[in-house]
Amino acid sequence: MKNLMIAIISGCLLNGQAQAAPIEFRYGVDVFAESQGTLDALQSISVMREIRPGLHFGQTLYSAAAGDAGGLFLGGFELLKRLPVGQGTQLEFGGFIGGGGGAALVSGDGLMTRAHITLRHHLFAGISGTLGLSYIDISGSPVSTPALSFGLSRDTDFAFASGKDANNVTSGRVIRAIKPLVKQFDPQNNLKRDGTALGTMTLVGFEASFAASPEARNETFIQATGAVSGDGEGYADIQVGYRWKTAPSGLRAFAEVATGFGGGGGVDTGGGFLVTAGAGVAIPLFRGFEAEIGAQATTALDGDLDALSPYVRASLNFGDRKRPYGDARHWQLTLGATQQEPNNGFRKPGVTATASPVLFESSLDLFLTDKIYFTGNAQTVVQGDAGGYAVGLLGFGYAMPLNNTWTVSVEGHIGAAGGGGIDTGGGLVGAARVELDYALQDNLAISAGVGTMQSLRGSGGAGPLTLHLGLKTAFTTFH
């Protein structure tokens with residue numbers, strides 16, 4: 001078991017080979033055998049890679065796809081075994097474990113499990129189609145059902161390798177930039193699920209953009225945001241899109257389109273599907289750093305949400321177009337769990353649950369220097385009578401190696417949290433933690449930590465002690 005866990009975590013990345021690393025992206029839909037309360041189907045986005053011959057590991061985010069449960073989010077870990085059964089066809093056996101909730105569908109723990117058997121067939125280029133049967137169970141909800149599963153996947157080579165001393169990679173798709181952002185939702189006479197008027201919301205979030213090569217002008221992106229003030233505490237969305245630019249660098253305009261899913265906080269997004277279109281301008285400030293200012297229009301396809309959204313993004317750009325793939329950036333991935341020990345104001349008035357929530361968490365750290373790093377953290381609940389509770393944080397950390405085996409890290413965060421009856425005072429929270437890492441091998445460490453989180457708006461509210469346990473692995477990207 002120990003060897004399998006080491007393979008799963010460190011195998012998510014390359015073992016130092018000087019070649020681009022293949023990553024599989026999959027979009028899937030699970031259509032339930034019968035309606036489960038307000039939910040008829042789930043959609044999912046998965047990111048996976050082969051860690052041993054035929055064994056694939058990754059992470060998946062599930063959301064409502066049909067029914068009236070927009071705002072249902074469940075995230076966790078995916079493991080599957082793939083066997084060839086014919087020319088271009090494989091048989092998959094796999095499972096998912098994770099958690100979350102939302103849309104008033106999950107009143108209990110929020111733990112989700114999914115088992116499946118799937119046929120995967122190559123269609124063209126790097127595109128494959130999938131068809132299978134699955135069984136899905138969400139603890140504390142009415143969801144426990146077989147489902148018919150459909151999907152499309154794409155294999156894409158990325159310019160990265162494992163470890164901080166990885167050999168240079170000179171081909172593959174690149175990470176173009178990371179972009180913390182703030183935007184405001186100005187609803188256009190929309191009503192919430194309870195029939196009251198939906199007010200203005202302020203959201204914070206994070207974007208990562210990608211390009212076919214360091215010289216490419218246009219880019220794809222993935223963006224996630226959550227409400228931190230105004231109306232809609234507990235609202236969150238995640239969208240994938242494409243951006244056109246008038247020039248590859250310098251002062252330039254751009255247009256963008258995106259689609260994804262969102263909801264929560266009483267916002268009526270119907271089944272959860274969102275579409276977004278927008279435009280803006282990028283303003284260079286100093287080397288590698290830009291400000292992006294623009295506006296978007298976001299619509300829920302089958303719900304009552306039509307919002308205009310002015311935004312500001314800070315863009316940390318990677319790469320030097322004069323030296324393609326000549327810029328290396330060091331990262332660290334952490335997969336683990338957090339337990340929150342409630343304080344007296346942790347839950348909203350009238351909520352009688354007293355359990356300590358346990359959340360699965362993933363953190364991604366970008367090292368700005370040898371010791372200082374920028375970090376993003378996402379958490380979804382799996383236990384503790386808080387179904388629907390989720391946390392998203394951005395911040396900075398400082399790593400202090402004590403010797404070749406032990407490292408102490410200190411982190412501070414700000415972000416959004418809400419759902420599950422937890423009193424986050426509108427959603428804006430701050431957090432801090434201290435971690436102690438023990439190196440199991442060159443590129444794998446076990447980490448334990450203690451911290452705190454505090455709602456930042458108003459007095460009282462959630463202020464739990466937090467306990468952390470995870471596994472960390474380092475990798476390098478080339479731009």
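Compute the Cα gyration tensor for region 35-138, then decide on rounded, prolate or oblate, letting a ≥ b ≥ c be the square roots of its eigenvalues: rounded whenever a/c is under 1.5, prolate when a/b is larger than b/c in the other cases, and oblate in all that remain. Because a/c hits 1.5 or more and a/b exceeds b/c, region 35-138 counts as prolate.
Less than 5 angstrom separates the built amide H of G420 from those of Y389, all sequence-distant by 5 or more or on a different chain.
Look at where the Cα atoms of region 280-336 and of region 174-201 average out, and the two centres are 17 Å apart.
What is region 331-479's relative contact order, in percent, from Cα pairs under 8 angstrom and six or more apart in sequence? Don't jump to the answer; show the numbers that get you there.
On the way: 420 pairs, mean separation 37.2, N = 149.
Relative contact order comes out at 25 percent.
Distance from the alpha carbon centroid of region 89-163 to that of region 436-466 works out to 29 angstrom.
Taking the Cα centre of each part, how many Å lie between region 405-431 and region 339-368? Each part reduced to its Cα centre gives a spacing of 8 Å.
Which order do peptides 116-128, 416-428, 196-208, 81-93 fall in by mean Cβ count within 10 Å, highest first? Walk me through the numbers on the way to the answer.
Numbers: 116-128: 14.6, 416-428: 26.2, 196-208: 18.9, 81-93: 12.9.
Those peptides, ordered most packed to least, come out 416-428, 196-208, 116-128, 81-93.
Working from Cα pairs under 8 Å separated by at least six residues, relative contact order for region 226-270 is 41 percent.
Ignoring any ligand, DNA or RNA, what whole percent of the accessible area of the chain comes from carbon and sulfur when the probe is 1.4 angstrom? Write down the numbers at each step before the final one.
Numbers: 11780 of 19300 Å².
Within the chain, the accessible surface is 61 percent carbon and sulfur.
The simple Förster model, with R0 at 41 Å and r as the Cβ-Cβ distance, assigns A439 and E215 a FRET efficiency of 0.65. In plain terms, the bigger the Kirkwood radius, the slower the diffusion; for region 253-313, with that radius from Cα pairs, at 20 °C and 1.002 mPa s, Stokes-Einstein puts D at 168 µm²/s. Of the listed values (1) 20; (2) 31; (3) 41, grab the one calculated as percent of Cα pairs over 38 Å apart from the structure here. Identified label for the calculated read-out: (1).
Restriction of the chymotrypsin sites (Phe, Trp or Tyr not before Pro) in region 307-346 to DSSP coil positions whose beta-carbon has at most 16 other beta-carbons within 10 angstrom yields no sites. Annotation note: chymotrypsin sites (Phe, Trp or Tyr not before Pro) in region 419-479 located in DSSP loop regions with a Cβ neighbour count of at most 12 within 10 Å are absent. Over region 288-447, the pair-distance histogram of Cα-Cα distances with 10 Å bins from zero comes to 9, 28, 30, 25, 9, 1, 0 percent, rounded to whole numbers.
Using helices alone, I'd like the mean residue ellipticity at 222 nm for the chain: each DSSP H run of four-plus residues gives -39500 (n - 2.57), total over residue count, nearest 500.
On the way: 1 runs with 9 residues, N = 479.
Result for the chain: -500 deg cm²/dmol, rounded to the nearest 500.
How high is the relative contact order of the chain, given as a whole-number percent (alpha carbon pairs under 8 Å, six or more residues apart)? Don't jump to the answer; show the numbers that get you there.
Values: 1581 pairs, mean separation 68.3, N = 479.
Averaging sequence separation for qualifying contacts and normalising by length gives 14 percent for the chain.
Per-residue 3J(HN,Hα) values for region 415-428, derived from phi via the Karplus relation 6.51 cos²θ - 1.76 cosθ + 1.60 with θ = phi - 60°, read x, 10, 8, x, x, x, x, 8, 8, 9, x, x, x, 7 Hz in sequence order (x marks Gly and Pro). Across the options A224, P357, A390, the greatest Cα extent toward the positive end of the charge dipole of the chain (unit charges at beta carbon of Lys, Arg, Asp, Glu) belongs to A224.
Counted residue by residue at 0.36 nm each, then reduced by the alpha carbon distance between them, the extension gain from V312 to T170 reaches 47.8 nm.
The values are calculated or read from the model by the stated rules, or taken from the named source; none is laboratory data. All of these numbers come straight from a predicted model, not from anything done at the bench. Please note: Cβ atoms are built from the backbone with ideal geometry, for glycine as well, and neighbour counts cover all protein chains shown. Calculation scope for accessible area: heavy atoms of the full protein, side chains included, ligands and nucleic acids excluded. Shrake-Rupley method; radii C 1.70, N 1.55, O 1.52, S 1.80 Å.
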